[in-house]
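First comes the structure, then the notes that go with it.
Only the coordinates and a few stated rules stand behind these numbers; no lab work does. These figures come from a predicted structure and were not determined experimentally. Using ideal geometry, Cβ is built from the backbone for each residue, glycine included, and neighbour counts are taken over all protein chains shown.
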Amino acid sequence: MPCDWSHITLPPETTIRETLLNLDQNSMQIVLVADPDGRLLGTVTDGDLRRALLRGATLDSRVEQAMNRQPCTGRQDESPLVWRQRMQQKSLRHLPILDRQGRLLDLIHDREERRQQWSNPVVLMLGGLGMRLRPLTRKVPKPMLMVGDKPILETILEHVAEQGFNRFYFCINYLGEMIQNHFGDGSRWGVQIEYIEEKQRLGTAGALGLLEKPFEEDFLVMNGDLLTKVDLGALLSFHREHAHQATVCVREHQQQVPYGVMEMGGTRITQLVEKPVYRYFVNAGIYALSPETLRLIPNNKSYDMPQLLNELITRQQAVGGFPLTEYWLDIGRLPDFKQAQADFDLHFSRIDPEEKAYA
């Protein structure tokens with residue numbers, strides 16, 4: 001089906017940050033990069049941007065560093081039947097149509113939604129004390145704090161379920177009965193919820209050692225104090241594509257040193273860098289794990305996710321990073337909780353996708 005593609009066509013000097021904003025605001029899931037004469041230079045999807053960030057690009061890099069320079073296209077002199085066959089053969093949702101000079105004439109878009117249903121389990125870690133959010137968490141567990149018109153955990157559950165996941169495991173400890181009373185077996189949300197009750201606090205991964213029956217397929221683990229729009233299906237696909245034992249969602253963090261930094265060689269200054277900005281990837285608290293990783297987790301002992309990841313690395317098992325480009329907020333402190341209240345309507349209220357904005 002032809003569509004209006006003018007609003008998703010960007011020049012090559014557009015930044016990755018601006019491209020993400022465009023992708024998030026439009027429902028097309030693609031951006032076209034063209035020169036001033038309208039010639040197609042490349043296409044950009046969410047996956048292209050994540051791969052560019054892993055290669056070292058930043059949010060301020062030009063989008064031409066991330067674009068697919070050889071996209072599949074259709075020609076003006078071809079039949080629409082040929083276009084549709086090409087899309088079906090290559091499992092494409094979009095096909096740019098070009099004239100003989102390579103200028104954009106149209107974009108064919110398959111609007112049919114094919115939301116995949118995932119059988120992979122989703123484990124939510126909900127047992128923390130929430131000490132940094134006191135006094136709010138004296139009588140309420142952190143995942144049950146109200147953000148917008150519902151508990152944090154309900155927003156997480158709805159977002160994950162909307163992506164086609166329906167098997168949930170809630171790991172509970174502190175005031176866990178409040179969580180269990182609210183969510184029950186999950187039938188209100190069309191999902192199945194099983195509870196793993198920690199008799200003692202077992203860290204960020206230890207509750208996985210309490211599973212009565214180990215998982216037989218890749219599974220997701222997520223902290224229960226996160227508000228995020230992460231595409232979990234894309235995370236699982238990335239995990240499988242790269243044959244990782246563990247894949248960690250990572251978030252870009254930049255830190256500027258407010259002074260001139262002296263680089264030294266012995267007693268001599270070799271270079272002065274004025275107020276440099278250092279770029280890191282930080283752990284976002286969302287993981288895709290292969291079932292074999294469960295063998296490393298001790299039974300009923302405190303064990304944290306960094307321990308598991310370091311153990312895998314020591315054993316030379318593949319541990320990968322999946323860059324988060326979507327909205328993400330760790331509600332760990334009172335300022336974060338206030339920020340979540342301000343962000344909720346923008347990112348999680350029931351509005352048309354065309355009205356969303358990237359943060």
statement: Working note, segment 6-109: Cα radius of gyration (Å, one decimal) and Dmax (Å, whole number) are 13.6, 41
field: Segment Tyr195-Leu346, length gained on full extension (0.36 nm per residue, minus Cα span)
entry: 51.2 nm
message: As an exercise, identify the GluC sites (Glu not before Pro) in segment 275-348 lying in DSSP coil whose Cβ has no more than 11 other Cβ atoms within 10 Å.
response: none
- prompt: FRET efficiency for Ser237 and Arg138, Cβ-Cβ distance as r, R0 = 41 Å, nearest 0.05?
  reply: 0.50
Full-stretch length increase - Thr270, Ser187 - with 0.36 nm per residue and alpha-carbon distance subtracted: 23.4 nm
- request: Return the long-range amide H neighbours of Ile196 (sequence gap of 5 or more, or a different chain), with a cut-off of under 5 Å between placed amide H atoms.
  value: Phe170, Cys171, Ile172
task: Give, as a single signed number, the net charge of other residues whose beta carbon lies under 13 Å from the beta carbon of Asn120, with Lys and Arg counted +1 and Asp and Glu -1.
output: -1
Using θ = phi - 60° and Karplus 6.51 cos²θ - 1.76 cosθ + 1.60, couplings along segment 141-149 (whole Hz; Gly, Pro as x): x, 3, x, 9, 5, 7, 10, x, 9
message: Using only Cα atoms and rounding to the nearest 10 degrees, what angle (0 to 90) does helix 305-314 make with the longest principal axis of the chain?
response: 70
query: Within straight cross-link reach of Lys229, meaning Cα distance under 24 Å, which lysines are found once same-chain residues fewer than 8 apart are removed?
result: Lys142, Lys150, Lys338, Lys356
message: Just to be sure I understand the model, the point goes 7 Å from the Cα along the line to the Cβ. What's the resulting Glu216 to Glu162 distance in nm?
response: 3.2
query: Cα gyration tensor of segment 202-359, axes a ≥ b ≥ c as square roots of the eigenvalues: rounded (a/c below 1.5), prolate (a/b > b/c) or oblate?
result: oblate
- prompt: Hey, of [x] 267; [y] 187; [z] 143, which did the structure itself give for volume of the Cα convex hull per residue in Å³ when calculated?
  reply: [y]
query: On a 0 to 90 degree scale, rounded to 10, what angle separates helix 46-55 from the longest Cα axis of the chain?
result: 80
Fraction of beta bridges assigned by DSSP in segment 122-350 that are antiparallel (%, nearest 5): 55
- prompt: Hey, what angle do you get for helix 80-89 against the long axis of the chain, alpha-carbon based, 0 to 90 degrees rounded to 10?
  reply: 30
message: As I understand it, the dipole of the chain uses +1 on the Cβ of Lys and Arg and -1 on the Cβ of Asp and Glu, about the Cα centre. Which of Cys249, Ala34, Leu10 lies farthest toward its positive end?
response: Cys249
